[in-house]
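See structure below.
The values are calculated or read from the model by the stated rules, or taken from the named source; none is laboratory data. All values reported here derive from a predicted model rather than from experimental measurement. All Cβ positions, glycine included, derive from the backbone under ideal geometry; neighbour counts span all protein chains shown. Each accessible area value is taken on the protein alone, full model and side chains, heavy atoms only, with ligands, DNA and RNA left out. Shrake-Rupley method; radii C 1.70, N 1.55, O 1.52, S 1.80 Å.
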There are 2 protein chains.
Amino acid sequence: MTVSAETRLVIVMRTDLGMGKGKIAAQAAHAAVAAAMANVRAPAFADWWRAGQPKVVLKVPDEDTLGLVVAAAEEAGLPVEVVHDAGRTQVAAGTATCCAIGPARGADLHPVTGSLSLL
Amino acid sequence: MTVSAETRLVIVMRTDLGMGKGKIAAQAAHAAVAAAMANVRAPAFADWWRAGQPKVVLKVPDEDTLGLVVAAAEEAGLPVEVVHDAGRTQVAAGTATCCAIGPARGADLHPVTGSLSLL
């Protein structure tokens, strides 16, 4: 199996909340902005920006799986931002909808997110 | 009609490209990060951040309509970031997939995006 070394941002989205595509897009945008703003001075950020800030959106089936991915990312020392929805539409306030992991090198992300499928 | 004064970021997405929801989410994330990074020192940014960086995702049916919205936003003096896809998946390289307008006050966004529907 080949693992790209490219620096990227991975967004991991729950699929069990019945969110429409606009809602999903907004949650992904929340996660990406949070990750970018929190890591703008990190060494990986400049690489990521130069590469065109690549992003990959993956899926998890439920909150427990999202929690496991977040825990694995934290244990691996990767930057993680969890999005809790404001609850104005579609889901209850405070619901964890997705997370962003990175920007980080593909080889570092792979052990944490390599088994997840594209959304 | 009431117009919220809340500062927000509007993302306007094309619906004619056959993009899946993961692709749409990635494009929205590109647009939001570009808008955030380009406007981090703008007066509206701090308001937007304090408010929880609200985002709204709207839709347009084709490239021409996206172009009209971008032109209207520019003419109104609003910050605009257009996303051109890298073309690795699903759409041709360089395709304009969406734009971000703002962060800006709802009252300033309304003349430009008020007629568009939620994605």
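Report, in debye and to the nearest 20, how large the dipole of the protein assembly as shown comes out about its Cα centre when Lys and Arg carry +1 and Asp and Glu carry -1 on their Cβ. The partial results should precede the final answer.
Working: 20 positive and 22 negative charges, 8 e Å.
That gives a dipole near 40 debye.
Taking all protein chains as present, what is the carbon and sulfur share of the accessible area of chain B, in % to the nearest whole number, probe 1.4 Å? Can you show the working numbers first?
Working: 2800 of 5440 Å².
Ligands and nucleic acids excluded, carbon and sulfur reach 51 percent.
Does the protein assembly as shown classify as rounded, prolate or oblate by the C-alpha gyration tensor (a ≥ b ≥ c root eigenvalues; a/c under 1.5 gives rounded; else a/b over b/c gives prolate, otherwise oblate)?
prolate
So what is the accessible area of the protein assembly as shown per residue, in Å², with the probe set to 1.4 Å?
46 Å²
With +1 on the Cβ of every Lys and Arg and -1 on the Cβ of every Asp and Glu, and nothing else charged, how large is the dipole of the range A:7-118 about its Cα centre, in debye rounded to the nearest 20?
Taking the Cα centre of the range A:7-118 as origin, the dipole is about 520 debye.
Per-residue mean of other chain beta-carbon atoms within 10 angstrom of the beta-carbon, peptide A:34-43?
Working: counts 4, 2, 7, 6, 0, 0, 3, 0, 0, 0.
Average per residue, whole number: 2.
To the nearest 10 Å², what's residue B:84's accessible area with a 1.4 Å probe?
110 Å²
Excluding residue A:30 itself, what net charge comes from residues whose Cβ is under 9 Å from its Cβ, given Lys and Arg +1 and Asp and Glu -1? All intermediate terms of the calculation are to be shown ahead of the outcome.
On the way: positive: B:55; negative: A:81, A:85.
That sum, taken over residues with Cβ under 9 Å, equals -1.
Translational diffusion coefficient, Stokes-Einstein: compute it for chain A using the Kirkwood radius over C-alpha pairs as Rh, at 4 °C and 1.567 mPa s, and state it as an integer in µm² s⁻¹. The partial results should precede the final answer.
Details: Rh = 14.2 Å.
Here the translational diffusion coefficient equals 91 µm²/s.
Accessible area lost on pairing B with A, both sides, 1.4 Å probe, Å² to nearest 100? Don't skip to the answer; put the middle values down first.
Details: alone 6440 and 6450 Å², together 10890 Å².
Using a 1.4 Å probe on protein heavy atoms, the buried area is about 2000 Å².
Could you tell me the calculated FRET efficiency between residue A:64 and residue A:89, based on Cβ-Cβ distance and R0 = 35 angstrom, to the nearest 0.05?
Details: r = 24 Å, r/R0 = 0.68.
So the FRET efficiency works out to roughly 0.90.
Using a simple spin-label model with points 7 Å from Cα along the Cα→Cβ vector, what separation in nm is obtained for residue A:71 and residue B:6?
3.4 nm
In chain A, with Lys and Arg counted as +1 and Asp and Glu as -1 at Cβ, which of these residues, A:96, A:36, A:60, has the Cα nearest the positive end of the dipole, that is, farthest along it?
It is A:36.
Among B:111, B:51, B:87, whose Cα projects farthest towards the positive end of the dipole of the range B:35-111, with charges put on the beta-carbon of Lys, Arg (+1) and Asp, Glu (-1)?
B:51
Among the aspartates and glutamates, select those whose C-alpha is under 16 Å from the C-alpha of residue B:59, and discard any that sit fewer than 8 residues away in the same chain.
B:16, B:81
When the Cα centres of the range B:67-119 and the range B:1-57 are compared, how far apart do they sit, in Å?
9 Å
Efficiency by 1/(1 + (r/R0)^6): what FRET value for residue A:15 and residue A:107, r their Cβ-Cβ distance, R0 = 30 Å, to the nearest 0.05? Show your work: numbers first, answer last.
Numbers: r = 27 Å, r/R0 = 0.89.
Step by step, r from the Cβ atoms, then E = 0.65.
Going by a 1.4 Å probe on protein heavy atoms, which residues of the range B:12-28 end up with at least 40 Å² less accessible surface in the whole assembly than in their chain alone?
Listed by number, the residues meeting the 40 Å² cut-off are B:21, B:22, B:25.
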